[in-house]
Ligand SMILES: [Zn+2]
């Protein structure tokens, strides 16, 4: 018996489960699919949670909302297959009407408690007004806001909707939240490999109904990720705002080298 060994917390474990919560098919595959590819390559279980039914994103008047939703969900399933996801949860709120309601939060709490992710990625809950040609999509802010509120405090508190306990859905503390960032506001860059970028590009190409210029996808996917990589001297990286809500679980807690 040694006297100087570190105490081991009974619940201590390495991160191996992740969840990505977003509004529409392709949101996650644009914003963080390289990181997702990296994690599945390392053997992690990654679950996507799509808040809307994806029934509005088209200018084609010949296609119905129901048919578009069917097509876009199938595209997301195929992208998920490329990335090696464990599963996709479709919450099926109407596309274009998403709000950070208690009803939405409850469904996100349900999937958090079901899958118990160590790291959860979601979209920015604020409207970004820095871009001349883009004002953001309200469903993205709504998904981000509902998700952050689900992580803290609702998924954590056993008294928040006690009906979950009767269903065997125990409280869960998400260890880290990473908010997808596309520009300069990232505080953390996750380095990814060439093979992850290749897989991420393969995933985004599954969203055929959304790609006006499929030939430009490789360029777009690489340009943003290589720009991010310059911040940490890596060939590629994806940018986030990172929040560590439960410290002490990850073996790399001491390594803040990639934090700003
Ligand atoms: Zn979207």
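Bear in mind that the values in this text are calculations on the coordinates, not laboratory data. Note that the coordinates shown come from a computational prediction; the quantities given were computed from them, not determined experimentally. Quick reminder, even Gly has a Cβ in these numbers, built from the backbone with ideal geometry, and neighbours come from all protein chains shown.
Could you order peptides 53-60, 133-140, 42-49 by the average number of other Cβ atoms within 10 Å of their residues, highest first?
In descending order of packing, they fall as 42-49, 53-60, 133-140.
With label points built 7 Å along Cα→Cβ from the Cα atoms of residue 211 and residue 170, find their separation and express it in nm.
Label at residue 211, label at residue 170, 4.3 nm between them.
What is the distance, in nm, between label points placed 7 Å from the Cα along the Cα-to-Cβ direction at residue 226 and at residue 161?
4.5
Can you pull the percent of Cα pairs in the chain with separation above 33 Å?
19
Can you show me the helix-derived [θ] at 222 nm for the chain, built from DSSP H runs with n ≥ 4 at -39,500 (n - 2.57) apiece and divided by the number of residues, rounded to the nearest 500.
Counting only the DSSP helices, I get -10000 deg cm²/dmol.
Pick from 163, 149, 69: which is most flexible by mean-square fluctuation in a GNM of the chain where alpha carbon atoms under 10 Å apart are linked?
Evaluated over the chain, the most mobile residue of the options is 163.
For residue 152 and residue 129, compute 0.36 nm times the residue count separating them, minus their Cα-Cα distance, and round to one decimal in nm.
5.7 nm
With springs connecting C-alpha atoms under 10 Å apart, model the chain as a Gaussian network and identify which of 71, 102, 232 has the largest mean-square fluctuation.
102
Antiparallel DSSP bridges in region 17-244: what percent, to the nearest 5?
35
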